[in-house]
Amino acid sequence: MKEAVAPELGLRENAGQFWLLVLVNAFVGAMVGLERSILPALAEQDFGLVARSAMLSFIVAFGISKALTNYLAGRLSDRYGRKIVLILGWLIAAPVPFMLMWAPSWNWVIAANVLLGVSQGLTWSTTVIMKIDLVGPKQRGLAMGLNEFAGYFAVALSALATGWVAATYGLRPEPFYLGVGYIATGLALSVVAVRETRHFVRHEVASAGLAAAGISQRELFWKVSLKDRDLSSVSQAGLVNNLNDGMAWGLFPLVYAAAGATLAQIGMLVATYPAVWGLAQIVTGALSDRIGRKVLIVGGMWIQAAGIVATALSGSLAVFALGAVLLGLGTAMVYPTLLAAIGDVARPDWRASAVGIYRLWRDLGYAAGAVLAGFTADAFGLDAALYVVALVTFASGASVWLRMTETHPPQSRTAQPSASQ
C-alpha cells in the first residue's frame, strides 16, 4: 500500500494553493468595496436619513455579525475543515447584491449587511487560517501581508468601480451588478479548485512533538481576550484599528461631500485609503518577519491617528488625499502584523480558534466605531467625531507599547513549555 506523503510547510512548497487563496480573498474583499463609496449617499438620497447614527447602522449590523461569525469560523474550521466553511460563506453572500438593488426600506440594507458580515466572517477568516496552515512560521508575516493586500486592494478597486458606475448610471441597481460577478467567481473557485488544509496542522503538531493542549474554549477565550499580555494587546489593537475603519467607512464620504467633493471624487478619495493599505501590506507583512511585530503595530496606530487628524483639519481634496494615504499606511503596518503575532504565540492545534477570537474582538470595532462616531457626530459635529477616534487610536498604540512583548521569532515563546502546553 502506498504511504501518504507528509505535507511540506512553506509558501514556495504550496505556491499553487497559496496564490489561489490570495485570488479568492480578493473577491471576498471586493464584496466589502461594493458599499464603500455609495451607501452613505444612498442613505441620504434614497431613504432620506439625516442622523449620522442612523446612517451608520448598516456598519453596526455588519460589524457585529462579522465579529460573532469570525469566532464561529475558527471553531467550525477546526471541527469540520476549512473548505466547507469557505463555501458556506459564499452561499450566504449570494442574496446580498439583490437585496441592495431592490431594497424598499433601510431595514433591507441593514439585513443585507448582516448577511454580508456573516459571509465575510466565514470567508475571510478561513482564507487567513488556510494560509497560516500552508506557510509555517518562517514566512507568516509575508503570508498575512499578501492575504490582506489582496483583500483590501480589491476593496479599493471595487469602491472605485462602484463610485464610477454610480456617478455614470445612478446609485441603484447598476453598481451592485458587480457583486453578482464577485460571488459567482469566488464560489466557483472555492468549490472547484481550493483544497483542504487541516492536515497541515496535524503535521505541524506532530513535527513539533507537542502533547495535547488541554485547554478549553472558555479558557482560550479569556487567554486571548485578557490574560495573555501579548494576545490581549493584539486583540485590543485590532478592535481599535477597525473602530477607526468603521468611522472612516461611514463618515469620510460625508466629510468629503461637506467640503464640496463630487460623487466621482468621493469614490477616488474613498478608494485611496484601502488602496494604500492593500499595496503597502506586501512590504509591511514581510518587514515584520525581519524587524519584529511590536514596532510596526505601535507606529502604525500612531500614523493612523495622524491621518485622521489631517482629514479633520482639512478642507481641500489634496489634504484629504494625504490623510487617506497616512491612514492606509498606518493600517498596512498594523493589519498583517497583528495576525502574524497571533500565529507567533498560538499553538498550531488551537491557532484557528485563537484567530477567530482575535477577529471577534477586531471586527466588533466596526460596530464600536460606527456607534462612537455616529453619536459624536450628531452631538458635536463631524470634526469632533474624527478627533475623538484619533485620540482613541493613539491611546491604543501607547497601550501596545507598554504591555506587549516582541513575539517574533515564535521560538522565543515555545522554547519552554507553557501552562497551555
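Any read-out appearing in this document is the output of simple, stated calculations on the displayed coordinates, not a laboratory observation. Note that the structure is a prediction, hence the values are computed from the model and not measured. Neighbour counts run over all protein chains shown; Cβ positions are idealised from the backbone, glycine included.
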With the charge dipole of region 7-129 built from beta-carbon charges (+1 for Lys and Arg, -1 for Asp and Glu) about the Cα centre, the Cα from Leu68, Val50, Leu116 projecting farthest to the positive end belongs to Leu68
With +1 at each Lys and Arg Cβ and -1 at each Asp and Glu Cβ, the charge dipole magnitude of the chain around its Cα centre, to the nearest 20 debye, comes out at 920 debye
Taking the chain and counting helices only, DSSP H stretches of n ≥ 4 at -39,500 (n - 2.57) each over all residues, the nearest-500 ellipticity at 222 nm comes to -27000 deg cm²/dmol
Long-range alpha-carbon pairs in region 143-275, meaning those over 18 Å apart, account in percent for 73 percent
Quick calc, region 29-124, dipole around Cα centre from Cβ unit charges on Lys, Arg (+) and Asp, Glu (-), nearest 20 debye, gives 420 debye
Of the candidates Leu178, Ser190, Val155, the farthest towards the positive dipole end of region 146-206 (Lys/Arg Cβ +1, Asp/Glu Cβ -1, centred on the Cα centre) is Ser190
Once normalised by the length of the chain, the mean sequence separation of its alpha carbon contacts under 8 Å that are 6 or more apart gives a contact order in percent of 27 percent
Quick P(r) readout (region 286-363; Cα-Cα; 10 Å bins; whole %) gives 19, 36, 28, 13, 3, 0
Restricting to Cα pairs under 8 Å and 6 or more apart, the percent relative contact order of region 29-169 works out to 41 percent
Most exposed to least, judged by fewest other Cβ atoms within 10 Å, Asp228, Asp363 sort to Asp228, Asp363
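Arrange the following residues from fewest to most other Cβ atoms within 10 Å of their Cβ: Lys227, Lys83, Lys131, Lys66.
By the 10 Å Cβ count, ascending: Lys227, Lys83, Lys131, Lys66.
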What the 5 Å binned alpha carbon P(r) of region 82-159 shows, as percent of pairs per bin from 0, is 3, 15, 18, 20, 19, 12, 7, 4, 2, 1, 0
About its Cα centre, region 236-377 carries a charge dipole, from +1 on Lys and Arg Cβ atoms and -1 on Asp and Glu Cβ atoms, whose size in debye to the nearest 20 is 220 debye
Inter-part gap, Cα centre of region 105-154 to Cα centre of region 304-352, in whole angstrom, is 16 Å
For region 307-381, the charge dipole (Cβ of Lys, Arg +1; Cβ of Asp, Glu -1; about the Cα centre) points to a positive end, and the Cα of Ala332, Phe375, Ala321 closest to that extreme belongs to Ala332
Quick calc of log₁₀ I(q)/I(0), region 1-153, Debye, one scatterer on every Cα, no solvent, q values 0.17 1/Å, result -0.96
On each of the three principal axes the extent of the alpha-carbon atoms of region 29-90, given in whole Å and largest first, is 45, 20, 13
What the Cα atoms of the chain span along the principal axes, largest first and in whole Å, is 67, 47, 35
